[in-house]
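To start, the structure itself, in C-alpha cells.
The values are calculated or read from the model by the stated rules, or taken from the named source; none is laboratory data. Note that this is a predicted model, so its numbers are computed, not measured. When we count neighbours, we look across all protein chains shown, and the Cβ atoms used for this are built from the backbone with ideal geometry, even at glycine.
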Amino acid sequence: MKMKILAVSIIASVSAVMASPMVLADYSASNEIKVLQGFKPGGGSDTLAQLTQPYLKELLGVDFVNEYIPGATGAIAWTRLTKQSPKDGGTISITNTPMLMTNYIMNDSITYSIDELTPIANVVTDPGIIVVPSDSPYQTVEDLFQAAEENPGTVTIGNSGVGGDDFFSTIIVEQATGLAFKKVPFQGDGPSATAAMGGKIDASFNNLGNVYGHIQSGSLRALAVFTKERLEMLPDVPTLREKDIDVVAGSSRGYSAPAGIPDEARQELIAAFETLKQDQEFQAVARERALNLDIVTGDDYQQMMKDMEDQYGVIWNEVKEEVSG
Amino acid sequence: MDTSLVLTGLSNVVTLTNISLILGGTLLGLFVGAMPGLSATMALALLLPLTFSMDPATGLSMLASLYVGASYGGSIAAILLRTPGTPAAAATVLDGFPLSQQGHAGKALGISLFASFFGGLMSGVALLTAAPLLGVMVLKFGPVELFAIAVLGITIIGSLSQGSVISGLLSGALGLLVSTIGMDLTTGTPRMAFGNINLFSGIEFTVALIGLFSIPQALTLIEHSHGAGKVASKITDRLIPRFREITQLMPNILRSGCIGIATGLIPGTGGDTASWFAYNESKRFAKDKSRYGKGEIAGVAAPEAANNAVVGGALIPTIALGIPGSSSTAILLGALMVQGILPGPNLLTDYGDVTYTLIWAVIFANVGLLLVGLLFTKACVSVTKVPDAFVACAIITLCIIGAFAINNSLFEVGLMLGFGLFGYWLNKAGVSPAPMVIGLILGPVMETSFQQSMLIGNDSYTVFLESPIAVVLLCIAALSVLQATPIFRWVQVSCRRRIKQS
C-alpha cells in the first residue's frame, strides 16, 4: 500500500516536472541553476534549500543542482561564487548573514565582499533568544543583567562561536547596557544550548529554531528575544527593545548571485521570491518545519546586508583587541 | 515507559515494506561503509531528501538501518585492504589486516560481523529500556568532563605504540600538533593556515586518516607486486566463527559494547573514539598483550562491538533529550524535524509512536545486518582475487574519490596524498600512524573543552577538581600513564613478592 502511494507520488512529481515548463515562463539565463552551499548536507542551509527549491523549480521552470563546498564557515563557497563562477545567472549561492560579512570583517585572508554579490532574496531569519536552565535563579532578563552588574565578567554566556550572530549580539547587549559577560564560544548553537540545559553555563544566546522544543518541554527558559515585536510562538517572552536595548538580531539565510549577472535574470529570480512571499502552501510548509519566514528581496536585501556590514564592522573594530588578546 | 507506544512502534516496523527497506538500507550502508572516505554521516545526509516523501516510520527505518550497516561495513575494507572504510574502523586495521595476511580474512570478517551484531543489539536494547534514565546523565557532561575524557583518551597512545614507546609518543604529538591547524575557537583567528582559506576549518581528519593508512598500503603492494606471492588477502577460511570462539570473546564484546554505548551517549564523541577506547581496554585486560597488533581476534571484536554499540548509545540523548550524540544522529534528528517533529524531551511522549519505531528499526537493522553481512561479505572474495598491482591502483582511486567526496574539495585530495607519502615514510621508519590518528581525533576535543573550561572556571585550574566525574576520569588517566612506567612494574613485582612470602 505504502509502495503504491510512493509510486503514485513519483509519477505525479515526474509529470509535474514535465508539465511545468509548458505552463510557466522559462528562466532566461540557463536551463539549470547551480546552488553553491557553504555548509555540509543536512545542515541549516540544506534545510532551506530542500524547502525552497522545489517551489522555485516550478516557478522558474529550471532544475536546481546543489553543490556542497563546506569549509571556513562558508567562505570557500562564497569566494568561489564571487571570484570563479560564471556571471550568467546560472550559479547562485545560499548566503548566511551575518556570517557572510563577519567572515571577511574578521579575517584579512578572506577577500570577497558583498560588493561582489547580487543579493536576490533573504528567505528565513531565525531570531536570537536568551535562554537559561530551567532551574536557573534568573527568572527575568533583569535578574540576569543584575547578576552581571554585581559580579562583572563572571556570568557565563554561551554562544555559537566567535563570528556568529550570537557572539555579536552578546557584544551589542554588553555595549548597550555597559555590562561585561564571560563569553563562552561553542561549536554551534546545539552544544551551546546543551551546556545551558546541563547548567554548565549561566545562559545561552541562541536561536529560536534550535531551542523552541526545549522551551516547550520546560528544560530551558526563555528570557528575551531579539525581535522587533513579540513572537507569536512565545507571547510571554519580552523583546529586548521593550527593555530599551535596541538589539534586533538573528541568523538569516537567503540567496545571492555573483555581481554583474544579466538584469533580466535578476528580475526573474526576484519575482519568483516575491511570488513565494504570497504562497499560502509555502508558508504552511515552512511553519511545519519551524522555519521563520522573512522574505526580503532585491535592493532591500542588499540594504540589509550593507547595514549589517557597517554595524558588525564597527563592533569588531572595537572588540578586536580584547578578543584576540 | 508507555507500553502501548512501544508496541505501536514494533507494529510500525514489522510491515513487508519496512522490513525490505531495512534490508535494503543495511546493504546500502554496508557498501557505503566499505568505501573509504564515505562515512555513515555522509550517506545519511545524501539519503535524507529521499525520505521526505515517505511516511515517518518507513523513512526512519531506512535511515537507521543505513547507519547500522555503515558501522559494520567500515571493517570490510579495514580487514581486506588495510584501508578503514569509515573513521570508526581505524582500530580494526591493527589486528584485522594481520589476520587476513595470515589467511584468516574470513575469520576476521566473521568475528567483526558477530561482534558488530552483538554490540549493536546491546545498544538497541539499552535504547529501548534505559533511554529516559540514561538520557538525563548526558547533561552532566559539560566542557570540564569532556576535557577529562579527552585526556584519558590521549593516554591510550602509550599502549598503542607498537615497538618503541618514544616513536609512539612522537607520532601522537605530531597528531596533536596537526590538529591545532585552523581557526582558534576563542579568538576566531586562523592558526598555521598560511592565509589559505582551505585550512581555516582545520584538517578534516578523515582526509588524514585515508592518506595515513591507505596510501602506504597501496605503495607497499606495488613494491612487492613483481614477486609471485600475493600479499592482499583472500577469504579462504570459514566466515561463521566457531561457537567456542564467540563464547570466549563474549566478556570482551560485552565490555566493548558498554564502552560503545557510554561513548555514544556523550555528545562530541562517536564511533571513532569508542573503537580506540575498546581496543585499548581489550588489550589492558588481555593475558597475552604481545599478540595484539599481530592478528588477535579480540583486537577485531573489541572495536567492532564498540563502534556498532555507539549507534544506540548516540541515539539515547537524541531521543531522550533532543541532543544529538554524534554527527550521524544530528542528521537523524534533522530527519525527525522534516517530519514535523521538533527535537526536545517530548520525543518519547508526544511523538512516542515515531520514536519507538526508530528504536525498533535499530534493533531489526542489527538482525538484518547479520543476514546481509553473511551473504554479502563472501562476495568480497572477488575483490581480493585481483592482482596486487590492480588492487593498489583501486585503493588509490578509492582514496582520491573518498577524499574529494568529503567536502567536494580538490585541495583535500592533495592533502590526502601528502599525508599518504608522509605515512609511507613513517612506515619505513617504523613509526605507527595509529597514535597520530588518535591525536588528530582527540586534539580538537581536548583544546576546545580546555578553553571553554577555563572560561567557565574564571581561569582557575581548580575547575577540573570541582567536578566529581572529571576527577575520577583524570585519576584513571593518571593510573593509565603510571601503569606504563617502570615505577608501576616495580610496585607490581614487589607486591607479588610480598604476597608469595606471606
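To keep it simple, each residue is scored yes or no on (1) modelled with pLDDT of 85 or more; (2) crowded, with 19+ Cβ neighbours inside 10 Å; (3) small (Gly, Ala, Ser).
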site	(1), (2), (3)
B:124	yes, yes, yes
B:133	no, no, no
B:139	no, yes, no
B:148	yes, yes, yes
B:156	no, yes, no
B:162	no, no, no
B:179	yes, yes, yes
B:189	no, no, no
B:194	yes, no, no
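Give me the residue from segment B:51-68 that is within 26 Å of the chain's Cα centre (by Cα) and over 12 Å from residue B:41 (Cα atoms) and, out of that set, modelled with the lowest pLDDT.
So, considering only residues that are within 26 Å of the chain's Cα centre (by Cα) and over 12 Å from residue B:41 (Cα atoms), the one modelled with the lowest pLDDT is B:51.
Might you check whether a residue that is small (Gly, Ala, Ser), in a helix (DSSP H, G or I) and assigned by TED's automatic domain parsing to the domain that holds residue B:415 occurs anywhere in segment B:176-195? Walk me through it before giving the result.
First pass over segment B:176-195, keeping only residues small (Gly, Ala, Ser): B:179, B:182, B:188, B:193, B:195.
If we keep only those that are in a helix (DSSP H, G or I) too, we end up with B:179.
Within this subset, residues satisfying the condition of being assigned by TED's automatic domain parsing to the domain that holds residue B:415 are B:179.
Scanning segment B:176-195, I find at least one residue that is small (Gly, Ala, Ser), in a helix (DSSP H, G or I) and assigned by TED's automatic domain parsing to the domain that holds residue B:415, so the answer is yes.
In segment B:285-330, which residues are assigned to a helix (DSSP H, G or I), under 20 Å from residue B:445 (Cβ atoms), within 14 Å of chain A (Cβ to nearest Cβ) and of a type in the set (Gly, Ala, Ser)?
B:314, B:327, B:328, B:330
Identify the single condition in (1) surrounded by fewer than 24 Cβ atoms within 10 Å (Cβ to Cβ); (2) within 13 Å of chain B (Cβ to nearest Cβ) that residue A:85 does not satisfy, given that it satisfies every other one.
(2)
How many of the residues in segment B:64-104 are under 20 Å from residue B:117 (Cα atoms), assigned to a helix (DSSP H, G or I) and not aliphatic (A, V, I, L, M)?
The number of residues fulfilling the criteria is 12.
Just one of A:63, A:135, A:88, A:115 is among the acidic types (Asp, Glu), in contact with a Lys or Arg (Cβ under 8 Å, 6 or more places away or on another chain) and touching a residue at least 24 places away in the same chain (Cβ under 8 Å); which is it? Give the derivation first.
Working: A:135 fails: in contact with a Lys or Arg (Cβ under 8 Å, 6 or more places away or on another chain); A:88 fails: in contact with a Lys or Arg (Cβ under 8 Å, 6 or more places away or on another chain); A:115 fails: in contact with a Lys or Arg (Cβ under 8 Å, 6 or more places away or on another chain).
The conditions single out A:63.
Run residue A:48 past the list (1) within 15 Å of the chain's Cα centre (by Cα); (2) within 12 Å of chain B (Cβ to nearest Cβ) and report the number of the one that doesn't hold.
(2)
Would it be correct to say that residue A:171 is at the interface with chain B (Cβ under 9 Å from one of its Cβ atoms), surrounded by fewer than 24 Cβ atoms within 10 Å (Cβ to Cβ) and at pLDDT 90 or above?
Details: at the interface with chain B (Cβ under 9 Å from one of its Cβ atoms): no; surrounded by fewer than 24 Cβ atoms within 10 Å (Cβ to Cβ): yes; at pLDDT 90 or above: yes.
Criteria not met by residue A:171.
Among the residues of segment B:39-98, write down those that are more than 13 Å from chain A (Cβ to nearest Cβ) and polar (S, T, N, Q).
B:65, B:71, B:75, B:83, B:86, B:92
For segment A:194-218, how many residues are facing chain B (nearest Cβ under 8 Å), surrounded by 24 or more Cβ atoms within 10 Å (Cβ to Cβ) and small (Gly, Ala, Ser)?
Counting residues in segment A:194-218 that are facing chain B (nearest Cβ under 8 Å), surrounded by 24 or more Cβ atoms within 10 Å (Cβ to Cβ) and small (Gly, Ala, Ser) gives 1.
Scan segment A:275-303 residue by residue and report those that are assigned to a helix (DSSP H, G or I) and within 14 Å of chain B (Cβ to nearest Cβ). Can you show your working first?
So the first thing to find is which residues in segment A:275-303 are assigned to a helix (DSSP H, G or I), and the list is A:275-278, A:280-288, A:298-303.
Selection gives A:284, A:285, A:286, A:287, A:288.
Given the conditions (1) over 21 Å from residue B:315 (Cα atoms); (2) away from chain A (no Cβ under 14 Å), and given that residue B:26 satisfies all but one, which numbered condition is not satisfied?
Every listed condition holds for residue B:26 apart from (1).
Yes/no per residue for (1) part of a helix (DSSP H, G or I); (2) on the phi < 0 side of the Ramachandran plot; (3) not assigned by TED's automatic domain parsing to the domain that holds residue A:64:
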residue: A:101; (1), (2), (3): yes, yes, no
residue: A:105; (1), (2), (3): yes, yes, no
residue: A:110; (1), (2), (3): no, yes, no
residue: A:135; (1), (2), (3): no, yes, yes
residue: A:148; (1), (2), (3): yes, yes, yes
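Among what's in segment B:472-502 and is modelled with pLDDT of 85 or more and in contact with a helix residue (DSSP H, G or I) (Cβ under 6 Å, 6 or more places away or on another chain), pick the residue that is nearest to residue B:137 (Cα to Cα).
This residue is B:473.
Hey, among B:152, B:146, which residue is within 14 Å of another protein chain (Cβ to nearest Cβ), under 20 Å from the mean Cα position of the chain (by Cα) and assigned to a helix (DSSP H, G or I)? I'd like the intermediate steps shown before the answer.
On the way: B:152 fails: within 14 Å of another protein chain (Cβ to nearest Cβ).
Step by step, each of B:152, B:146 is checked, and only B:146 is within 14 Å of another protein chain (Cβ to nearest Cβ), under 20 Å from the mean Cα position of the chain (by Cα) and assigned to a helix (DSSP H, G or I).
May I ask you to verify whether residue B:43 is touching a Gly at 6+ places or on another chain (Cβ under 9 Å) and either touching a residue at least 40 places away in the same chain (Cβ under 8 Å) or within 20 Å of residue B:279 (Cα to Cα) (or both)?
no
Given B:369, B:374, B:333, which one is modelled with pLDDT of 85 or more, under 18 Å from residue B:264 (Cβ atoms), part of a helix (DSSP H, G or I) and assigned by TED's automatic domain parsing to the domain that holds residue B:70? I'd like the intermediate steps shown before the answer.
Numbers: B:374 fails: under 18 Å from residue B:264 (Cβ atoms); B:333 fails: modelled with pLDDT of 85 or more.
So the residue among B:369, B:374, B:333 that is modelled with pLDDT of 85 or more, under 18 Å from residue B:264 (Cβ atoms), part of a helix (DSSP H, G or I) and assigned by TED's automatic domain parsing to the domain that holds residue B:70 is B:369.
When residue B:461 is evaluated against the numbered criteria (1) farther than 22 Å from residue B:284 by Cα; (2) surrounded by 13 or more Cβ atoms within 10 Å (Cβ to Cβ), which criterion, by number, is the only one it fails?
So residue B:461 meets the others, but not (2).
With within 12 Å of chain A (Cβ to nearest Cβ), modelled with pLDDT of 85 or more, over 25 Å from the mean Cα position of the chain (by Cα) and assigned to a helix (DSSP H, G or I) as the only criterion, which of B:18, B:12 stands out? Steps first, answer last, please.
Numbers: B:12 fails: modelled with pLDDT of 85 or more.
Just one listed residue meets the conditions, B:18.
Would you tally the residues in segment B:215-241 being touching a helix residue (DSSP H, G or I) at 6+ places or on another chain (Cβ under 6 Å), under 28 Å from residue B:402 (Cα atoms) and modelled with pLDDT of 80 or more?
Summing the residues that are touching a helix residue (DSSP H, G or I) at 6+ places or on another chain (Cβ under 6 Å), under 28 Å from residue B:402 (Cα atoms) and modelled with pLDDT of 80 or more in segment B:215-241 gives 5.
It is to be established whether one or more residues within segment B:273-280 are surrounded by fewer than 22 Cβ atoms within 10 Å (Cβ to Cβ) and either in contact with an Asp or Glu (Cβ under 9 Å, 6 or more places away or on another chain) or outside the structural domain of residue B:439 (by TED's automatic domain parsing) (or both). Show your work before the answer.
Taking segment B:273-280 first, the residues surrounded by fewer than 22 Cβ atoms within 10 Å (Cβ to Cβ) are none.
Scanning segment B:273-280, I find no residue that is surrounded by fewer than 22 Cβ atoms within 10 Å (Cβ to Cβ) and either in contact with an Asp or Glu (Cβ under 9 Å, 6 or more places away or on another chain) or outside the structural domain of residue B:439 (by TED's automatic domain parsing) (or both), so the answer is no.
In this structure, does residue A:61 turn out to be in contact with a Phe, Trp or Tyr (Cβ under 7 Å, 6 or more places away or on another chain), over 30 Å from residue B:182 (Cα atoms) and more than 9 Å from chain B (Cβ to nearest Cβ)? Steps first, please.
Numbers: in contact with a Phe, Trp or Tyr (Cβ under 7 Å, 6 or more places away or on another chain): yes; over 30 Å from residue B:182 (Cα atoms): yes; more than 9 Å from chain B (Cβ to nearest Cβ): yes.
Yes: the conditions hold for residue A:61.
With of a type in the set (S, T, N, Q) and away from chain A (no Cβ under 14 Å) as the only criterion, which of B:357, B:269, B:273 stands out?
Numbers: B:357 fails: away from chain A (no Cβ under 14 Å); B:269 fails: away from chain A (no Cβ under 14 Å).
Going through B:357, B:269, B:273 in turn, just one is of a type in the set (S, T, N, Q) and away from chain A (no Cβ under 14 Å): B:273.
For residue A:131, all conditions in the list (1) within 17 Å of residue A:77 (Cα to Cα); (2) surrounded by 24 or more Cβ atoms within 10 Å (Cβ to Cβ) hold save one; what is the number of the exception?
Residue A:131 satisfies every listed condition except (1).
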